[in-house]
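Data first, discussion second: the structure below is written as structure tokens.
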Amino acid sequence: MRRRTVEAGLRTVAIYSFAGWAYIALNAVVHPVSLGWPLTHLAPWPHEDTFGAACFGVSFVCAMCYGVSRSR
């Protein structure tokens, strides 16, 4: 049961962080000027480009961990 919960969590984080990266990537194509802007008006950090890179990294790591977990 614990392994299935961890796999579900990894898969969920991988999908949502990939969606965040895809949003920033599409935004970079449509409106590249905004990449240097803060992600939200509530905090000066992170910027949109930093958020996209972090999302891609988190998605990659979670997808790799999920793949390793499923192969066992």
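The values are calculated or read from the model by the stated rules, or taken from the named source; none is laboratory data. Given the structure is predicted, the values throughout are model-derived calculations rather than measurements. Cβ placement follows ideal geometry from the backbone for every residue including glycine, while neighbour counts extend to all protein chains displayed.
One table, with the values for the structure above:
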{"read-out": "So Gly67, is it over 10 Å from the mean Cα position of the chain (by Cα) and modelled with pLDDT of 95 or more", "value": "yes"}
{"read-out": "Residue that is surrounded by 11 or more Cβ atoms within 10 Å (Cβ to Cβ), of a type outside the set (A, V, I, L, M), in contact with a Ser or Thr (Cβ under 6 Å, 6 or more places away or on another chain) and modelled with pLDDT of 95 or more, where the choices are Phe60, Phe51, Phe18, Phe56", "value": "Phe18"}
{"read-out": "Residues (assigned to a helix (DSSP H, G or I) and either surrounded by 14 or more Cβ atoms within 10 Å (Cβ to Cβ) or among the polar types (S, T, N, Q) (or both)) located in segment 29-43", "value": "Ser34, Leu35"}
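For every residue, the table says whether it meets (1) in contact (Cβ under 8 Å) with a residue 12 or more places away in the chain; (2) outside any helix (DSSP H, G or I); (3) polar (S, T, N, Q).
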| residue | (1), (2), (3) |
| --- | --- |
| Ala14 | yes, no, no |
| Trp21 | yes, no, no |
| Asn27 | yes, no, yes |
| Trp45 | no, yes, no |
| Thr50 | no, no, yes |
| Cys55 | yes, no, no |
| Ala63 | yes, no, no |
| Tyr66 | yes, no, no |
| Ser69 | yes, no, yes |
